[in-house]
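Heads up: the structure comes next, in structure tokens.
The values are calculated or read from the model by the stated rules, or taken from the named source; none is laboratory data. The shown structure was predicted, so the numbers you read here are calculated from the model rather than taken from an experiment. Cβ atoms come from the backbone with ideal geometry, glycine included; neighbour counts cover every protein chain shown. These accessible areas exclude ligands, DNA and RNA; they are computed on the full protein's heavy atoms, side chains included. Shrake-Rupley method; radii C 1.70, N 1.55, O 1.52, S 1.80 Å.
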Amino acid sequence: MTAIPAATPPATPPAARAAARAATRVLVLNSGSSSVKYQLLDMRDSSRLAVGLVERIGEETSRLVHTPLTGDGAEKRERTGPIADHSTALKAVAEELAHDGLGLDSPELAAIGHRVVHGGLRFTEPTVITEEVLAEVERLIPVAPLHNPANVTGIRTARAMRPDLPQVAVFDTAFHTTMPEAAARYAIDVETADTHRIRRYGFHGTSHAYVSRRTAALLGKDPSEVNVIVLHLGNGASASAVAGGRCVDTSMGLTPLEGLVMGTRSGDIDPAVTFHLKRVAGMSVDEIDELLNKKSGLVGLCGDNDMREISRRIEEGDERARLAFDIYIHRLKKYIGAYYAVLGRVDAVVFTAGVGENAAPVREAAVAGLEELGLALDAELNAVRSDEARIISAPYARIAVAVVPTDEELEIAQQTFALVTGASEAGNA
Ligand code: AMP
């Protein structure tokens, strides 16, 4: 096996660190292939100063929605009309921010933090972006063809606008790099795997890191003292087993396709299904890719990927929606059981992201029948709707069940700020 050397994050020069200490704002950018999501935060109190989204970049019907959150009466603003590329999109974002007195040229801006989906094995920590770092992120494109190119474009654009400003990459895979080989390797020929960098990387790491740490705080413990199963259930969904603050297993693999049933992805499937689709159904590799990533999961099973709509249909007696829900829950339960076995001792099972935070029926069904494992919900607490992190287990249950709203942007901002100011802690979750 070839060991890939760990990254030595380039040090932020002392002068830049001093400047960043005086400045307290961090812009978080999440660049997709046709969208850019952004948030500007003030790290003194982790408050949001502005949030926004540019979507349908490259189309005639591009749209920028910008919401300033400072001052009284600040209102959401919207621009529509063609935005040709990421560079134009970022310029428009900069104009909107400047309009609110929050311009990118402000000395109060300490850094830009970029979400980068795939950091491979090399990037185990947030990393100050240099040309060399960008080149490595580009080298990882074969294992993240859908995500890394857009991330690189976003970074290049932001660097062209503020070449003097420290910019930091925060990797979705980083939290999972602590997985032992036994969990990370596929049982395939080692040489083939290593040559093509095929292994389980895991994704949503920023969320799993934030939520597992926040859960420890909710239990009044240090992350090093607790074992947690995190269920990140959004349109994409993943589970992770976190022992003493370190990820020891996660459900997504080489790509985000593996694991749980998701909004549009199949999750775990016999790999031979793909051979069958090619040989027997005559589908091309691209068609199979699209089938499994975009037309499977809940949408493939019942035509809807929104859990609200599925719940409504179930109440009306819709059989397909019921079956989709049952398959979703069955897979979820399997992962709870599997990660219980991986961890040996579990202190908390925690639900997060759009479905996990909002869908009480999903939480109820996922935990139902697991009393022997020490899991039981308090029905009333489970039914409460809230934006707060909270415990929803029955008082007699041995294992806490919690709902913890995820906040990937805050985590990216904290990691970015900590790196550029030289702080040792990423801040309190
Ligand atoms: P995310 O990817 O974390 O933004 O999650 C998006 C998904 O969360 C949507 O596709 C819905 O299935 C689900 N969701 C959002 N709000 C609710 C809600 N109030 N009840 C049930 N599911 C919800």
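Between Val168, Val190, Val242, the GNM of the chain built on Cα springs shorter than 10 angstrom shows Val190 fluctuating the most. Here the range 41-178 has 51 percent of its accessible surface on carbon and sulfur atoms, given a 1.4 Å probe and all protein chains in place. Shape verdict for the range 317-360, please, from the Cα gyration tensor: rounded (a/c under 1.5), prolate (a/b greater than b/c) or oblate. Oblate shape, in that a/c is at least 1.5 and b/c is the bigger or equal ratio. Lysine pair count for the chain (Cα-Cα distance under 24 Å; residues 8 or more apart in sequence or on different chains): 10. In the chain, the calculated helix contribution to ellipticity at 222 nm averages -11000 deg cm²/dmol per residue, counting -39,500 (n - 2.57) for every DSSP H run with n ≥ 4. Here the range 97-224 is assigned +1 on the Cβ of each Lys and Arg and -1 on the Cβ of each Asp and Glu. Its dipole about the Cα centre then comes out at about 400 debye. Based on Cα contacts under 8 Å between residues 6+ apart, the chain shows a relative contact order of 15 percent. Dipole magnitude for the chain: about 400 debye, using +1 per Lys or Arg Cβ and -1 per Asp or Glu Cβ, origin at the Cα centre.
At a probe radius of 1.4 angstrom, the accessible area of the range 323-429 per residue rounds to 44 square angstrom. Considering only Met252, Ile327, Ser33, and ranking their Cα positions along the charge dipole of the chain that arises from unit charges at the beta-carbon of Lys, Arg, Asp and Glu, the one farthest toward the positive end is Met252.
At R0 = 30 Å, how high is the FRET efficiency between Ala84 and Thr192 if r is their beta carbon distance? Nearest 0.05 is fine. Working from the Cβ atoms, E equals 0.15. Computed over the alpha-carbon pairs of the range 220-271, the distance histogram in 10 Å steps reads 26, 44, 23, 7, 0 percent, short to long. Shape class of the range 176-301 from the Cα gyration tensor (axes a ≥ b ≥ c, square roots of the eigenvalues): oblate, since a/c reaches 1.5 or more and a/b does not exceed b/c. Is the range 323-429 best put as rounded, prolate or oblate by its Cα gyration tensor, with a ≥ b ≥ c the root eigenvalues, rounded for a/c under 1.5, and otherwise prolate when a/b is larger than b/c, oblate when not? It comes out prolate by the Cα gyration axes. With the simple model of a label 7 Å out from the Cα in the direction of the Cβ, Arg398 to Asp268 spans 2.3 nm.
Inter-part distance, the range 139-205 to the range 303-363, computed on C-alpha centroids, equals 28 Å.
Between the range 29-63 and the range 221-289, the C-alpha centres lie 26 angstrom from each other. The value of relative contact order for the range 19-82, using C-alpha pairs under 8 Å at least six residues apart, is 22 percent.
Report the relative contact order of the range 110-205, percent, no decimals, based on alpha-carbon pairs under 8 angstrom and at least 6 residues apart.
Rounded, it is 40 percent for the range 110-205.
Farthest towards the positive end of the charge dipole of the range 101-187, among the residues Ala110, Tyr186, Ala160, is the Cα of Tyr186, using unit charges on the Cβ of Lys, Arg, Asp and Glu. By DSSP, the beta bridges lying fully in the chain are antiparallel in about 70 percent of cases. In the elastic network of the chain, a GNM with C-alpha springs shorter than 10 Å, the most mobile of Ala92, Ala241, Ala160 is Ala160. Just checking the listed ones, Ala237, Ala174, Ala74: in the Gaussian network model of the chain with Cα springs under 10 Å, the one fluctuating most is Ala74. The portion of the accessible surface of the range 276-389 made up by carbon and sulfur, rounded to a whole percent, is 51 (1.4 Å probe; DNA, RNA and ligands excluded).
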